[in-house]
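Take a look at the structure below.
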């Protein structure tokens, strides 16, 4: 089950650099893990903004919620979610 | 070069059914052709709306523009475009 | 799998009354059928507006899309969709 | 009398973890109590966001206001309220 | 039970003048009747716009919905509704 | 001369409780005084939000401005103002 | 009593040219009359848009409403109104 | 050359009263000077809000920018600018 | 004097193709003329949309208004205008 | 490949003046360097706002992202990006 997720990150200006670096490092590690197990199918940077466009492949909305809220940067993100399904004009039976 | 494109379609209520069907058929044929040649990489339906989320892979913005404006439904679409690039946390060198 | 769906209806002022009545009648019949088979769990009117708030219980986003686009009033609706999941503070294991 | 309430929570980044935990614990206890007495009929998490969609069943707007403002997280919430009523296409006489 | 209702009217430019006059006349008659029976407590024009701000006093949201949708101009209105209750700083026990 | 005023209050999370209580107490006293002298005609709470809907009856916009900016909570409010006038469908000559 | 009024005009594309010319001519005549009697104090074009920024000087909101709704282009305008008063930093006692 | 400028002021709640007073005093002095030399033609308060509507008369956009950014409250303002020109229905050749 | 202008074009779906072609042809001829005389300095297509981003170089806002409203597509455009000036970090004295 | 970029800067009110000056100085130096190497083609100030409109000429979205995120003021900017291409009505083959 696919969801498109857009994440906009806004770190508080007062956050110490070391704390921000630590958060980003943990975020990167978890993102890598979720990509390797196939649930974070695509992860692209939006050019010019501290934001990404992602495609998640999960078994249900609850799993998506669990993944997103486990991200270290979650408290600093504005997130939008759209449930996706197969497009009748897609030439793929299972486009992931 | 990747672009995320979101298309919302709104056909005029007064358009005759046959005209709408013809437009959609031509749209589908062109979409299939663009997917087969690799430029329309992903095409997903947004659940519950007459809209899609797409990923295009083109050589420049002009090519993207040419493709999108050649779509039969283009005059009836509200389109948003975001240029994408590799995310530093992506585990892929070339995620398409 | 639960989705909250909000539907705002806007019929074209020029639509003949008989056509509107026919659409609403077919909408009502299909809505009743979908409620009886348990997929349209809740259907409430928003006071003062030609709109409803609904809870759908489907197996996947594709099924939700199929249901919503089959509604006779679909071409005249502005629809928003939110995927729901169990709230950690809910006292129900399976609140539908 | 039914109201749909959407709550978006935004805790200040500077709030100490213990204070946040304490707030959430008290919020959960009160939410449970209000669900048990039947006034907080439904409580769902919006997937991917620190937000919920709820249905309240109260005797008047004043009671709704009293309940919502008594929530420990109320000062940190952005809340929207919609009064609901029976939908003419509902198959239930009293859908709660 | 009080509700604040804001109504913005937009008649289609193509509506014949006689039809518009007829609608407005019936709207005025019904508005007068609802004011006389005490359910449409206040009705003010918003200076410079084809809009009004109103206070309704009804027994439940369903009654409000019935009243508003019975207005001849309802199909041409954009309506917003806010449930009201006694303000703790009001010097009136029952401000209507 | 009537104005509809909507006030949304947002106190800074870091404001000490005693300071907030003091502000609210002074706000309440001034609100009572302005209601007693007839200039703050109506004051309603918007159910579920730290907001009010009010009707002011003043001799000119300058007097309205003076009243609103004298409120202790003014610096923490987002305010919208609409000038009102008699509605042609009102059954009252002077609805206040 | 001063009000700032912004008017955005949108004529229906299908309106015959002669009808539009007639409307604009009558609008211009009435605007001239209202400027001469001092109630339409200032009238500026917003560069690049079919819109104006105006300052009206009237005795009450009802008079403003009567003036604006008497404009031949009123049905085709989107209007916003702001009540003005003397600014404490103005060097004029009565800036009109 | 005329520009309409709208300024909304939002001082940080934590700013000490003396600092705010000092800023406002300097703002007032500069505003008076700019009004006296004819470049700040009109300055009105928006009733009920910490905001003003102004008309500036400058030789070019750069001069407008220099004036606005020299205001002591500039860092705390949200500003919108619209270039104005003579309206064809104005009865004045040079309405300032 | 530079202005950035963004134009979004929306032709009515019912406009006959020949009429649209004629409009676009005249638009193109006038655009070319204005570019050759140096007043329409830059003209770029926004990729994926029937829109352009332009830089105009005119002597005053009135000239800008005259140019834009003379465009054959003006009645079908949504236009936004921003006055520009030299940026202190620009390495050009006169960047056009 | 051209991109239009709009940058709105908002420095935290609490940032010490020396720190702000240092940031702006480094921003200016980098901006100059990027203009000299031809990638930051145009840089204009938006009159009356702490904002700029820019045209970038880069080989791909990734390069644009790298440039923008390297700006010292990037964490304090709200940025919008639009991919541009040649306009069919442009008289230039390569308008930069």
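The values are calculated or read from the model by the stated rules, or taken from the named source; none is laboratory data. Small disclaimer: the values here were computed from a predicted structure and weren't measured. With ideal geometry, Cβ positions are generated from the backbone for all residues, glycine too; neighbour counts draw on all protein chains shown.
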Selection within segment H:1-18 - assigned to a loop (DSSP other than H, G, I, E, B) and touching a residue at least 24 places away in the same chain (Cβ under 8 Å): H:1, H:10, H:11, H:12
Residue satisfying all of: in segment C:80-94; more than 11 Å from chain A (Cβ to nearest Cβ) and exposed (fewer than 15 other Cβ atoms within 10 Å of the Cβ); modelled with the highest pLDDT among these: C:92
Members of segment F:6-64 found to be under 18 Å from residue E:94 (Cβ atoms) and surrounded by fewer than 17 Cβ atoms within 10 Å (Cβ to Cβ), listed by number: F:32, F:36, F:38
Test: residue in segment G:10-24 that is within 14 Å of chain I (Cβ to nearest Cβ) and under 30 Å from residue F:81 (Cα atoms): yes
Residues that are in a helix (DSSP H, G or I) and touching a residue at least 12 places away in the same chain (Cβ under 8 Å), drawn from segment E:62-74: E:63, E:64, E:67, E:68
Scan of segment B:19-59 for residues that are over 11 Å from the mean Cα position of the chain (by Cα), under 20 Å from residue C:76 (Cβ atoms) and not in a loop (DSSP other than H, G, I, E, B), ordered by number: B:19, B:20, B:21, B:23, B:24, B:46
Residue selected from segment D:56-79 under the condition in contact with a strand residue (DSSP E or B) (Cβ under 6 Å, 6 or more places away or on another chain) and at the interface with another protein chain (Cβ under 8 Å from one of its Cβ atoms), by the criterion nearest to residue E:5 (Cα to Cα): D:61
